[in-house]
Amino acid sequence: MTDKSTTSCSPNLFPFQRMHSILFFVFFILCFNGSTMVDSQDTFQLPSPLPKWPPGGGFATGNIDLGGLQVSQVTKLNKIWATNEGGPDNLGATFYDPVEIPQGFSSLGSYAQPNNLPFSGQILAGKDVSNDSSKPTLKSPTDYTLVWTSESLDIKKDGEAYIWLPNAPDGYKAVGYVIGNSSVKPPVDKVQCVRTDLTDTTNTTDLVNDNVLYLDGLSVRGSMNGFVVRNGSVASLKGNLSNSMPNVNQIKALIEAYSPVIYLHPDEPYLPSSVDWFFQNGALLYQRGVESKPNPVQKNGSNLPQGGSNDEAYWLDLPRDGSSQDRVKKGSLQDASAYFHVKPISGGLFTDIAIWVFYPFNGGGRAKVEFVNLSLGKFGEHVGDWEHVTLRVNNFKGELHSVFFSQHGWGQWVSASDLEYHSGNKPVVYASLHGHASYPKPGCVLLGSGGVDIGVRDDTAKSDKVMDTGVRAVVIAAEYMGTTVVEPPWLNYERKWGPKIDYDVDKEMNKVKRMMIGKLKKAFERLVESLPREMLGEDGPTGPKVKNSWSGDETL
C-alpha cells in the first residue's frame with residue numbers, strides 16, 4: 001500500500017506516525033566543547049550483553065580499515081548546543097562534540113539526536129594508515145563557509161549555533177558540517193576531510209521516513225550524514241568490505257543473537273510456511289498460452305524459469321483441488337522458515353540483514369468507516385505474500401542499531417532503543433491481520449486518505465501464533481562473500497508468485513455497500529477511491545530478489 005496517510009484506530013492503540021527511527025550515526029563537526037559530558041555509561045544499552053563474536057576479519061573488532069583509513073568510535077561526548085522545542089514530541093534536539101579521541105585519530109564528525117529518546121551517541125574518528133605522504137587519506141579543510149545560523153529562530157534554545165561547511169582540498173570531500181556557538185570560523189584542524197576515493201556522494205542513506213526536526217533549512221534526521229542544510233549534503237564513507245563485513249560463523253552468531261520473533265494476530269488464518277512446504281504441497285507453475293497444463297513445482301524450485309524479467313509469461317498458483325487450496329492457503333507455521341539476505345550498507349560501516357518470510361496467501365482487507373468495521377471482501381486478496389524486516393548492525397562492535405519494518409510497499413526504521421524485545425536482544429515484530437505488514441508495537445493503524453475515522457485497518461496483537469525467525473533460518477544470499485553462500489533456484493525466479501485476476505470493482509464494492517446507509521456509503525466510496533491498485537484486483541507479488549531494496553538500502 002503506497003498511501004502514507006494513517007490514523008490510530010483507537011486512542012489506546014499504537015499511532016502510525018509516532019514510529020520514529022532516529023538514533024543513528026551523524027557526521028558533524030562542532031567548534032567548542034560544551035559543559036555537559038555524556039559517556040558510554042549514560043547511553044542506551046541493549047537488554048543483554050553482546051555475545052563474544054566468532055573470530056575472523058575486521059568485524060566487531062572496534063576499528064574498521066576502509067583501505068588506508070582506519071575508523072574508530074568515540075562514545076564520550078560534550079553537549080554543544082540544543083533546541084528545546086520542535087521535532088518529535090516537540091522536545092527539540094541536542095548536538096555533541098567528541099572528547100577523548102584516540103591517539104593518532106582525528107574527529108570525522110559529531111553527533112546530534114532528537115531529545116525524545118534515550119541517548120545513543122557514537123562519533124566516528126579517523127586515522128591515516130596509508131603510509132603515503134604524497135596522497136594521505138585525510139587532510140584538513142582549506143577554509144569554511146557559513147551555511148546556517150540559529151540567530152533568527154524564535155524558539156527555546158541554548159544560545160546560538162553556527163553551521164560551517166568545510167571547504168575540502170582538491171581530491172578530498174567533507175564528511176560532516178562544523179557546528180559552533182560562535183560566529184568565528186573554526187580552526188582548520190578541527191576536522192579532517194577524506195580522500196575522494198574513500199567517499200561516496202551518492203550513498204546518502206536516510207534511515208527514517210521523514211525529517212525528524214526541521215528548522216529554517218536545517219534538517220536533523222537519522223541519516224549517515226546527519227543533518228542536511230538547505231537540501232545540501234556531505235559525502236559518506238566507503239571502503240574495503242572484506243575488512244568489516246561478517247564471515248559465515250559471525251552471520252550465524254548474528255542470527256542467533258538478533259533474529260526477530262514475529263507475533264501473528266490471534267485471528268490470523270493465513271500463516272507463513274517454508275517455500276519448500278509450499279512447493280511440496282501442490283504449488284503449480286503456469287505458462288502463458290498453455291494455462292491448461294500447469295506443472296508441479298519441484299521441491300527446491302529447480303524447474304522454475306531462472307532470471308529474465310517479470311514479463312507475466314509465468315506465474316505460480318495454489319493446487320487445483322479445492323480442499324488442497326484451502327489447506328495450502330492457511331500455511332504451516334510449524335514448517336515456516338525465514339530467509340536471510342546479508343549485505344553491506346554505508347561502505348561496510350553497517351551490515352543489513354533482510355529477513356524474508358513467505359505466506360502462501362494474503363487475506364482480504366478490512367476497513368473502518370466511522371463507527372462501522374467491515375470486511376472488504378476480495379479487495380487485497382492474492383496468492384503468495386513476501387514480507388520482510390531488516391536488521392541494521394553496527395560493524396564496529398556488532399551491535400543492533402535499528403530495524404526496518406516493511407508495510408505494504410513501504411515502511412520505516414525504528415531505532416534499537418525504541419524496540420520491544422522478546423528475549424535477550426531479539427526484537428519483537430507484529431504482523432498485521434490478513435496483510436502481514438510488520439509493526440513494532442501492537443494495536444491498530446488506519447491506512448488511507450478517507451478521513452480521520454475512515455481507512456483500511458491494520459490490526460496487530462500478541463497471540464500464541466509465534467514465529468521465531470532464528471528457528472529454521474536459511475541464509476539465501478550474501479553477495480560480498482562470492483560463492484560462499486549458494487542461492488536457491490527459487491530465489492532467481494523473477495516472475496509472479498501468484499496469478500493476476502481482475503475483479504469487477506463495482507460489483508465487489510456494491511456487496512459491501514449493501515450493509516451501509518446514508519453518509520456511510522459516500523464515505524466508503526471515498527475510501528475505495530483512495531485504495532492503491534494492488535487492492536483492486538488479485539495480483540501475486542514478485543520474489544525478494546526483484547524488490548528495489550534487494551541490492552541497496554530500503555526504498556521508502
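The table that follows gives values for the structure above.
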item: Elements of type strands (runs of 3 or more DSSP E) contained in region 419-493, each with 2 or more residues being on the phi < 0 side of the Ramachandran plot, open to solvent by 10 Å² or more (accessible area, probe 1.4 Å) and in contact with a Gly (Cβ under 9 Å, 6 or more places away or on another chain); result: 454-460
item: Whichever residue in region 129-170 is crowded, with 20+ Cβ neighbours inside 10 Å and under 24 Å from GLN70 (Cβ atoms) and, among such residues, is farthest from the chain's Cα centre (by Cα); result: PRO141
item: Residues of region 186-211 satisfying the condition of being assigned to a strand (DSSP E or B) and at pLDDT below 90; result: ASP200, ASP206
item: Region 117-128, subset open to solvent by 20 Å² or more (accessible area, probe 1.4 Å) and either of a type in the set (A, V, I, L, M, F, W, C) or not in a loop (DSSP other than H, G, I, E, B) (or both), residue farthest from ARG195 (Cα to Cα); result: LEU117
item: Scope region 390-418; condition open to solvent by less than 10 Å² (accessible area, probe 1.4 Å), more than 17 Å from ASN63 (Cα to Cα), assigned to a strand (DSSP E or B) and among the hydrophobic types (A, V, I, L, M, F, W, C); matching residues; result: LEU391, VAL403, PHE404, PHE405, TRP413, VAL414
item: Odd one out for SER140, checked against (1) in contact with a helix residue (DSSP H, G or I) (Cβ under 9 Å, 6 or more places away or on another chain); (2) among the small types (Gly, Ala, Ser); (3) farther than 18 Å from GLY104 by Cα; result: (3)
item: Residue list for region 105-116, restricted to those being open to solvent by less than 50 Å² (accessible area, probe 1.4 Å) and in contact with a strand residue (DSSP E or B) (Cβ under 8 Å, 6 or more places away or on another chain); result: PHE105, SER106, SER107, LEU108, GLY109, SER110, TYR111, ALA112, GLN113, PRO114
item: Filter pass, VAL229 being over 20 Å from the mean Cα position of the chain (by Cα), modelled with pLDDT under 95 and open to solvent by less than 30 Å² (accessible area, probe 1.4 Å); result: yes
item: Test: TYR177 is surrounded by 15 or more Cβ atoms within 10 Å (Cβ to Cβ) and either without any contact (Cβ under 8 Å) to a residue 40 or more places away in the chain or touching a Gly at 6+ places or on another chain (Cβ under 6 Å) (or both); result: no
item: Answer residue from region 494-513, given it is surrounded by 15 or more Cβ atoms within 10 Å (Cβ to Cβ) and in a loop (DSSP other than H, G, I, E, B) and is modelled with the lowest pLDDT among those; result: TYR503
item: Hits in region 135-162 - residues which are small (Gly, Ala, Ser) and at pLDDT 95 or above; result: SER140
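The values are calculated or read from the model by the stated rules, or taken from the named source; none is laboratory data. Please read all numbers here as calculations on a predicted model, not as lab measurements. So basically every Cβ, Gly included, is an ideal-geometry build from the backbone, and we count neighbours across all protein chains shown. To get the accessible areas, we keep the full protein, side chains included, count just its heavy atoms, and leave off ligands, DNA and RNA. Shrake-Rupley method; radii C 1.70, N 1.55, O 1.52, S 1.80 Å.
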